[in-house]
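All remarks here apply to the structure that follows.
The values are calculated or read from the model by the stated rules, or taken from the named source; none is laboratory data. Computed from a predicted structure; not experimentally measured. So basically every Cβ, Gly included, is an ideal-geometry build from the backbone, and we count neighbours across all protein chains shown. Areas reflect the complete protein model, heavy atoms only, side chains present, ligands, DNA and RNA absent. Shrake-Rupley method; radii C 1.70, N 1.55, O 1.52, S 1.80 Å.
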Amino acid sequence: MSSLAAKILTKDGVPPAVTFASKPKTLYELLNVQRSSANAAKVMPHHWFEKGFEGCYYQIHRVRYKWHEGGPTHGRAWGILHWRGKPTADKPSRIRGGLKFSWRLYESPEQHGVTYDPERARTVERRRTNLLMKFLEDQKQ
């Protein structure tokens, strides 16, 4: 491959497809990749997975994409929340936070050895609070 082709096909030595595949995805980016099966997808915010919430996910029923910055990266999605394996409603409702969180397809956290540990969750929360306080103090100076 010529150096010109390498510059065109890669950015900072990493192909664009690999960069896109490895970065955290919004709900709409994730569902756009799953275009053919988006209306039947089970998705969850990544932080639910990290906390080990078993059986907590959204069953997608409808997605409306908005074109933004060269692709359908924004939009609205409707689905039914399943909490601890049980649906919380009979009718789909709008899913909030589609752009705020990193989303992933639903997989049982226990399959990956992730379980919810309340003590670890409190420790992580304390660490976050301490870092935030330190950051605010540094900003004042």
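A few points about this structure:
- Breaking point among (1) touching a strand residue (DSSP E or B) at 6+ places or on another chain (Cβ under 9 Å); (2) over 14 Å from Thr26 (Cα atoms), for Gly70: (1)
- Within segment 112-141, residues that are part of a helix (DSSP H, G or I) reach partners that are open to solvent by less than 100 Å² (accessible area, probe 1.4 Å) and at pLDDT 80 or above with beta carbons closer than 7 Å, at six or more positions or on different chains, in the pairs Ala121/Lys51.
- Scanning segment 23-45 for residues that are under 21 Å from Pro92 (Cα atoms) and surrounded by fewer than 18 Cβ atoms within 10 Å (Cβ to Cβ) gives Asn32, Gln34, Arg35, Ser36, Ser37, Asn39, Ala40, Lys42.
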